[in-house]
């Protein structure tokens with residue numbers, strides 16, 4: 001007789017279509033995206049617009065690792081304090097630099113130039129304050145016997161303020177006749193006085209570690225706290241033209257580290273507009289700049305009336321210097337993020353002004369109308385501005401397509417003389433194995449990318465001209481190589497466990513037709529898991545499958561008995577990842593199921609691929625155990641004893657129960673102590689009654705839930 005296979009198919013419609021045959025569009029058009037790339041001679045606005053930057057000119061290379069401090073004297077000479085050889089360099093107004101003084105300590109942590117031409121240099125650790133003459137000769141001016149000297153400031157009366165650690169003291173030193181006199185201006189409860197600054201009204205400002213406090217000292221020396229930041233350290237202070245004080249606060253203290261740690265590179269991400277089944281993970285909602293709970297760096301503006309605003313904060317970037325703009329509106333911020341300098345206005349508007357490529361920008365300062373920055377790793381002096389560069393380049397972050405891709409067009413929005421180039425390769429970082437930069441693409445409406453098919457792609461923009469040249473958006477289309485889907489796992493549910501669908505999510509079928517994802521509309525397009533129900537004889541299968549192209553998958557199920565060599569088709573064109581077989585329609589035996597996943601719904605027929613996986617061996621057992629009484633009931637004293645034999649042909653017996661006169665079922669163990677074999681014997685002993693008849697029934701269960709029973713009447 002021909003076997004008939006019945007099944008219960010539970011499912012719902014998934015209308016989200018993703019097609020490996022549709023291109024993915026990689027778009028770079030936001031400040032967050034653009035800042036992941038590298039800027040050389042270009043600025044990046046808060047909206048992500050790329051334009052030509054102020055000119056950056058290297059004026060002097062100290063050949064030292066770190067520039068910790070800087071100062072400018074009345075003649076326009078620039079002095080740079082370095083580490084870790086404790087040297088001071090002088091760069092004159094013509095840009096000629098040389099070693100000025102070589103001090104005994106490791107770091108020149110602070111410099112200050114007095115109006116009378118005196119130059120003071122503070123050293124750490126276990127350092128001193130030196131007075132340097134016109135030839136660089138060093139004389140110990142003040143020795144506070146403190147572990148660190150972090151900061152110096154020349155006050156309006158000509159005295160020198162000295163900020164120290166680890167005892168958090170501020171000293172005031174003034175030359176009287178030939179010998180300097182010192183006094184303790186303030187003994188704080190803080191660990192370090194990291195920063196000092198003075199204004200033209202005789203006020204002194206101090207920034208502390210480890211409570212992040214900004215203090216103001218009036219000309220009579222009385223302290224007043226202006227700010228208590230939740231961040232640890234007030235690293236630098238700058239006084240603006242209007243009397244505002246800008247405070248750079250850090251979450252980590254420089255007093256705990258000998259050198260700044262390199263920034264962690266930003267993750268490479270792809271913004272996919274089409275061709276993606278699952279939309280990219282949504283970024284966290286934007287936070288107010290006043291939320292500093294996870295901030296690495298924060299810049300405060302303390303107003304002359306005592307109020308304070310946060311004008312900049314970053315959870316990723318470590319800033320090391322701040323300089324009040326001569327215009328009076330905002331600051332320049334030097335960071336360790338590729339040696340970048342950001343311009344931030346008082347209203348929080350932010351622009352990446354330029355990128356130096358050095359390890360960090362340690363100080364930013366002005367010399368008359370000229371603007372300078374000193375860097376670390378390597379210790380160099382740069383002049384900023386004067387004119388806009390004639391040509392600048394921007395290199396995008398790396399696009400990772402996840403599979404070798406064929407490139408389509410590149411097109412962009414902008415104005416002026418903008419040319420784009422591309423290169424591709426199969427290593428995560430561009431190296432000698434990558435292709436050369438392509439010829440320039442000059443048609444903003446679109447050009448075919450000529451770089452070789454590969455896993456990674458990068459584009460470069462070359463901007464020329466003047467301030468009118470700008471680039472606001474770049475788009476790249478690509479088609480990833482189709483990768484076969486994988487069936488990752490198969491689970492066989494216990495016998496009699498069936499599956500029923502939960503109500504499906506109703507999605508507009510036009511979403512699939514348009515190639516969009518339900519996630520683009522704020523909808524969830526994931527499959528709704530089924531619910532489990534009791535279903536006699538059912539053997540339910542669930543599986544997990546994955547497609548790296550995020551194609552829509554459909555499934556076929558095959559089966560065979562373990563002694564057979566070929567599989568038979570059970571079901572096909574399934575869109576769900578679960579299926580219930582009616583086991584009562586299959587002969588008893590041992591079976592293997594095969595799940596085949598294919599991506600034909602998302603690819604042309606000739607390009608469709610499939611993957612498969614075999615299940616573990618599945619036992620199909622629909623036969624009930626046979627139960628029979630052995631001999632006749634035996635009477636011994638006040639008891640009666642009945643013996644039953646139970647036999648199972650396909651699996652084994654795993655439990656038994658008995659009932660007297662239709663009463664409650666009572667568990668009974670096999671005579672050998674455990675029910676675990678195809679053949680078991682059960683002996684039931686119960687009290688005998690004085691008269692009448694009673695019926696003893698035994699029922700046994702096999703491993704697949706089939707039930708057999710027998711009864712004996714006892715008079």
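Here residue 491 meets the list (1) surrounded by fewer than 15 Cβ atoms within 10 Å (Cβ to Cβ); (2) closer than 25 Å to residue 30 by Cα almost entirely, failing just condition (2).
Put simply, of 170, 194, 213, 234 the only residue that is assigned by TED's automatic domain parsing to the domain that holds residue 145 and in contact with a helix residue (DSSP H, G or I) (Cβ under 9 Å, 6 or more places away or on another chain) is 194.
Within region 55-69, being surrounded by 19 or more Cβ atoms within 10 Å (Cβ to Cβ) and closer than 19 Å to residue 385 by Cα holds for 56, 60. Of all the numbered requirements in (1) buried (at least 22 other Cβ atoms within 10 Å of the Cβ); (2) at pLDDT 95 or above, residue 187 misses one, and that requirement is (1).
The strands (runs of 3 or more DSSP E) falling completely within region 555-641 that include 2 or more residues that are free of Cβ contacts under 8 Å to residues at least 60 places away in the same chain and surrounded by fewer than 17 Cβ atoms within 10 Å (Cβ to Cβ) map to 568-574, 589-598, 626-636. Restricting attention to region 27-48, the residues that are in a strand (DSSP E or B) and more than 20 Å from the chain's Cα centre (by Cα) total 5. In region 487-505, the qualifying residues are those that are touching a strand residue (DSSP E or B) at 6+ places or on another chain (Cβ under 7 Å) and either assigned to a loop (DSSP other than H, G, I, E, B) or in the same structural domain as residue 451 (by TED's automatic domain parsing) (or both), and the one that is nearest to residue 411 (Cα to Cα) is 502.
Residue 667 meets the stated requirement of being touching a strand residue (DSSP E or B) at 6+ places or on another chain (Cβ under 6 Å) and loosely packed, with under 12 Cβ neighbours inside 10 Å. In contact with a strand residue (DSSP E or B) (Cβ under 9 Å, 6 or more places away or on another chain), in the same structural domain as residue 203 (by TED's automatic domain parsing), at pLDDT below 95 and not in a strand (DSSP E or B): is that true of residue 156 in this structure? Spelling it out, residue 156 is indeed in contact with a strand residue (DSSP E or B) (Cβ under 9 Å, 6 or more places away or on another chain), in the same structural domain as residue 203 (by TED's automatic domain parsing), at pLDDT below 95 and not in a strand (DSSP E or B). In a strand (DSSP E or B), in the same structural domain as residue 471 (by TED's automatic domain parsing) and free of Cβ contacts under 8 Å to residues at least 60 places away in the same chain: which single residue out of 420, 371 fits that description? Answer to the selection: 420. Using the structure shown, decide if residue 380 is crowded, with 17+ Cβ neighbours inside 10 Å and closer than 26 Å to residue 54 by Cα. Against the criterion (crowded, with 17+ Cβ neighbours inside 10 Å and closer than 26 Å to residue 54 by Cα), residue 380 qualifies. Residue 76 meets all of the listed conditions (1) in contact (Cβ under 8 Å) with a residue 24 or more places away in the chain; (2) outside any loop (DSSP other than H, G, I, E, B); (3) within 30 Å of residue 142 (Cα to Cα) but one, namely (2).
One residue stands out among those in region 436-486 that are in a loop (DSSP other than H, G, I, E, B) and under 29 Å from the mean Cα position of the chain (by Cα): the one that is surrounded by the most Cβ atoms within 10 Å (Cβ to Cβ), which is 485. Hey, could you check region 130-153 for residues that are assigned to a strand (DSSP E or B) and under 45 Å from the mean Cα position of the chain (by Cα) and say which is farthest from residue 107 (Cα to Cα)? Among residues in region 130-153 that are assigned to a strand (DSSP E or B) and under 45 Å from the mean Cα position of the chain (by Cα), the one farthest from residue 107 (Cα to Cα) is 153. Filtered by the rule that a residue be buried (at least 18 other Cβ atoms within 10 Å of the Cβ) and assigned to a loop (DSSP other than H, G, I, E, B), region 543-554 gives 547, 549, 550, 551, 552, 553. Scanning region 582-597 for residues that are within 43 Å of the chain's Cα centre (by Cα) and within 22 Å of residue 529 (Cβ to Cβ) returns 593, 595, 596, 597.
The conditions of being part of a loop (DSSP other than H, G, I, E, B), modelled with pLDDT of 90 or more and closer than 25 Å to residue 613 by Cβ are not met by residue 540. The sole residue among 676, 672 that is under 22 Å from residue 704 (Cα atoms), over 60 Å from the mean Cα position of the chain (by Cα) and surrounded by fewer than 17 Cβ atoms within 10 Å (Cβ to Cβ) is 672.
Taking region 170-207 as the range and being assigned to a loop (DSSP other than H, G, I, E, B) and within 43 Å of the chain's Cα centre (by Cα) as the test, the residues that pass are 188, 189, 190, 191, 199. Only a single item in (1) assigned to a strand (DSSP E or B); (2) surrounded by 19 or more Cβ atoms within 10 Å (Cβ to Cβ); (3) modelled with pLDDT under 95 is not met by residue 214, and it is number (3).
The values are calculated or read from the model by the stated rules, or taken from the named source; none is laboratory data. A quick note: this is a predicted structure, and the numbers were derived from the prediction, not measured. Positions of Cβ are generated from backbone atoms using ideal geometry, with glycine treated the same way; all protein chains shown enter the neighbour counts.
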